[in-house]
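Okay, structure first, notes after.
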Amino acid sequence: MSDTVTLRLRLLFGDRLVFGPGKGELLARISESGSIAAAGRAMGMSYKRAWALVEEMNAAFRAPLVVSARGGAGGGGATLTAEGQEVLAAYRAMLDAVETAAAPQLARMVAMLDMSGGK
């Protein structure tokens, strides 16, 4: 894939966005950091926005994708459930498949681009 082109995969069911790059990145960062707040900060979003996205994902799927524990003496945190790990893995696999399938046509289109702005 060309460095100048970004391919994004968004999953819509009807008119409802269920999963896309932002939610995928949020799940990955929660998995890495163990924190919704830290994941949101790393993405430049507020804690409130990160929580809203988690709640939206948890509501959209049959089982929650993220579980959290409140802070306190032992500290809080968040983890992906088995379903959350599976959804993230499936999304990444779909994205890889789409990128592989699109590569020849993308290269064809990139070869026809004129990005000089001189027209």
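Nothing in this text is a laboratory measurement; each read-out follows from the coordinates by a stated rule. All of these numbers come straight from a predicted model, not from anything done at the bench. In this analysis, Cβ positions are derived from the backbone assuming ideal geometry, glycine residues included, and neighbour counts consider all displayed protein chains.
Report the FRET efficiency, 1/(1 + (r/R0)^6), for Ala111 and Glu25, where r is their Cβ-Cβ distance and R0 is 35 Å, rounded to 0.05. Plugging the Cβ-Cβ distance into 1/(1 + (r/R0)^6) gives 0.70. Between 0 and 90 degrees, the angle of helix 82-112 with respect to the longest Cα principal axis of the chain falls at about 10 degrees.
Mind checking Rg over Rh on the chain, alpha carbons, Kirkwood formula for Rh?
Details: Rg = 17.7 Å, Rh = 16.2 Å.
Rounded to two decimals, Rg/Rh equals 1.09.
The relative contact order of region 21-119, computed from alpha carbon pairs under 8 Å that lie at least 6 residues apart in sequence, is 22 percent. Only helices enter this figure: runs of n ≥ 4 DSSP H residues, each worth -39500 (n - 2.57), summed and divided by the residues of the chain, yield -18000 deg cm²/dmol at 222 nm to the nearest 500.
When each of Ile36, Ile30 is scored by the number of other beta-carbon atoms lying within 10 Å, the sequence from fewest to most is Ile36, Ile30.
I need the per residue convex hull volume for region 16-56, using only the alpha carbons, in cubic angstrom as a whole number.
Details: hull volume 2.4 nm³, N = 41.
Once divided by residue count, the hull of region 16-56 is 59 Å³.
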